[in-house]
Amino acid sequence: MRGLLRALLLLLLASAWLPTAALGAPKAPTAKQIKAQAQLVNEQAKEAFRAGQWDRAADLFLQVYDLAKLPTAVYNAARAREQGAKLMEAKALFELFLSIEKSPAGQQDGRKRIADIEEKLRRQAEDKARAEAEAKARAEADEKLRLAEARARDAEQREQLATQKVREAEILAQKEAAAKAEVEAKLRAETEARGRAEAEQKAQSAEARALDAEKRAREAEARAKAAAKVEPTGPTPVKLNGAGSSSAGGAGSGSKPGPSQPGERAARGQPTENPGEATLLLGIVPLISGGASLQQGGPNGDLQPDLSLGAGGQVYLAWGLRNRAPAVAVLAGVQKLVFQGFGAPAPAAKPSGTDFWMALAFPRLSGMQASVHRNSMELANGREPLHWTTIGAKVVVSPNYGYFALGVEGLVGSDRKDQEVSTLDEFGYGPLFRLVIEFGLHFGTAALSN
């Protein structure tokens with residue numbers, strides 16, 4: 001209520017002064033009018049101070065000082081600047097207040113205010129320096145962390161490259177081992193073939209000597225018969241009951257089986273069957289196999305290596321002449337495969353599958369084989385089994401009861417749908433190309449190769 005009355009009084013004083021100024025030439029305001037205006041501005045400054053309008057309050061208090069030269073107006077303006085966080089301006093105003101205020105209490109209060117402001121400024125400087133130091137430390141820590149992460153990524157890339165090189169070296173070593181095994185098998189086959197050729201040559205030589213000895217025996221027998229027919233020039237021998245004649249006749253005219261008779265051929269160990277007789281040959285080959293393949297390992301179509309191991313068997317039926325290599329053989333086989341899963345970064349398990357094939361061989365099993373394979377793979381991630389078809393060709397060597405094969409297979413069809421490309425599992429469409437090595441034993445009605 002008192003504030004309202006004071007405002008009305010100041011308004012009345014201002015209205016009383018204004019008409020007087022308007023009547024004639026401008027006149028200098030009286031001391032009373034200046035005091036009234038200073039009181040009015042001072043009330044406005046106080047209202048702004050109470051309302052938290054610090055800049056306006058400080059400006060109004062400085063107007064009061066300009067009008068009335070009151071040290072308290074400078075003091076109040078300094079307080080308003082201090083409340084508005086303009087400490088440097090507040091300090092300058094308090095220093096002005098000390099220069100115009102003469103009372104000891106005012107001097108003491110002004111110096112205390114300046115000391116408080118200096119302490120605040122010092123704390124602000126310390127806080128600013130600490131904030132700047134913390135920001136710099138955070139920036140340095142972030143830079144160190146970035147460098148450490150970059151080094152970690154570089155180390156991870158080097159590790160991945162090293163792992164890839166190890167895998168490539170393993171695959172190369174396996175290929176070299178397979179090639180070495182193939183060379184050793186060829187050498188063994190050539191050695192056995194030379195041994196068989198030498199044995200056959202020796203047998204033919206022995207047979208030729210036997211035939212020559214038989215020829216000489218027949219010639220000796222013929223000469224003996226001719227000598228027995230020549231009559232003696234001396235006395236006629238005495239016949240005792242016809243025994244001599246009968247005995248001579250038996251010795252001279254007795255017959256002996258010829259070399260072409262079956263009994264004599266059997267006695268010499270020669271075969272009695274007809275070499276042109278046709279026969280069916282049947283055999284079973286249990287085997288183990290290893291394979292290295294390339295297959296589509298992801299949606300982008302990159303090729304990835306894979307290895308597989310398998311075990312199974314095959315049967316064959318061949319037609320031909322006895323002791324001769326048949327012209328053709330029909331085969332069927334099946335094996336269980338386990339894939340190593342190199343086509344995926346981290347397969348949950350090693351998938352397994354079944355390989356069933358039909359083939360033709362020329363001749364028997366030793367030589368070339370052409371085959372069609374139907375494969376079925378149980379996938380590790382719970383998807384439906386994958387089926388694909390390949391065609392293959394292999395070279396087979398079979399000395400005695402052994403069985404060695406080296407071949408290739410190529411993909412001709414897969415049941416994987418095109419719309420599943422974006423969700424390919426770790427084995428894609430099945431092997432696109434596969435190198436196969438097989439080892440086994442042969443059990444049959446005749447040897448696989450002559």
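Observations, loosely collected:
- Any chance residue 66 is under 30 Å from residue 40 (Cβ atoms), assigned to a helix (DSSP H, G or I), of a type in the set (D, E, K, R) and not assigned by TED's automatic domain parsing to the domain that holds residue 29: no
- Residue within the range 96-111 that is more than 19 Å from residue 72 (Cα to Cα), small (Gly, Ala, Ser) and surrounded by fewer than 16 Cβ atoms within 10 Å (Cβ to Cβ) present: no
- Evaluating residue 326 against the criteria (1) farther than 25 Å from residue 432 by Cβ; (2) at pLDDT 80 or above; (3) of a type outside the set (Gly, Ala, Ser) leaves one unmet condition, (2).
- Only listed residue being in the same structural domain as residue 30 (by TED's automatic domain parsing), in a helix (DSSP H, G or I) and either polar (S, T, N, Q) or out of contact with any Lys or Arg (no Cβ under 8 Å at 6 or more places or on another chain) (or both), chosen from 142, 59: 59
- When residues in the range 39-83 are screened for being aliphatic (A, V, I, L, M) and within 19 Å of residue 115 (Cα to Cα), 4 of them pass.
- All told, residue 417 meets the bar of being of a type in the set (Lys, Arg) and modelled with pLDDT under 70.
- The number of residues in the range 72-94 being more than 20 Å from residue 104 (Cα to Cα), out of contact with any Leu (no Cβ under 7 Å at 6 or more places or on another chain) and either of a type in the set (Val, Ile, Thr) or in a helix (DSSP H, G or I) (or both) comes to 6.
- Residue in the range 142-195 that is nearest to residue 404 (Cα to Cα), counting only those that are without any contact (Cβ under 8 Å) to a residue 60 or more places away in the chain and among the basic types (Lys, Arg): 180
- Residues in the range 420-447 that are surrounded by 17 or more Cβ atoms within 10 Å (Cβ to Cβ) and at pLDDT 80 or above were compared, and the one that is farthest from residue 293 (Cα to Cα) is 440.
- Filter result for the condition that a residue is part of a helix (DSSP H, G or I) and surrounded by 12 or more Cβ atoms within 10 Å (Cβ to Cβ), over 170, 159, 198: 170
Here is a yes/no grid of residues against (1) surrounded by 14 or more Cβ atoms within 10 Å (Cβ to Cβ); (2) in the same structural domain as residue 368 (by TED's automatic domain parsing); (3) at pLDDT 60 or above:
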residue: 305; (1), (2), (3): yes, yes, yes
residue: 311; (1), (2), (3): no, yes, yes
residue: 331; (1), (2), (3): yes, yes, yes
residue: 338; (1), (2), (3): yes, yes, yes
residue: 342; (1), (2), (3): yes, yes, no
residue: 354; (1), (2), (3): yes, yes, yes
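The values are calculated or read from the model by the stated rules, or taken from the named source; none is laboratory data. This one's a predicted model, so the numbers in the text were calculated from it and none came from an experiment. Cβ: placed from backbone, ideal geometry, glycine included. Neighbour counts: every protein chain shown.
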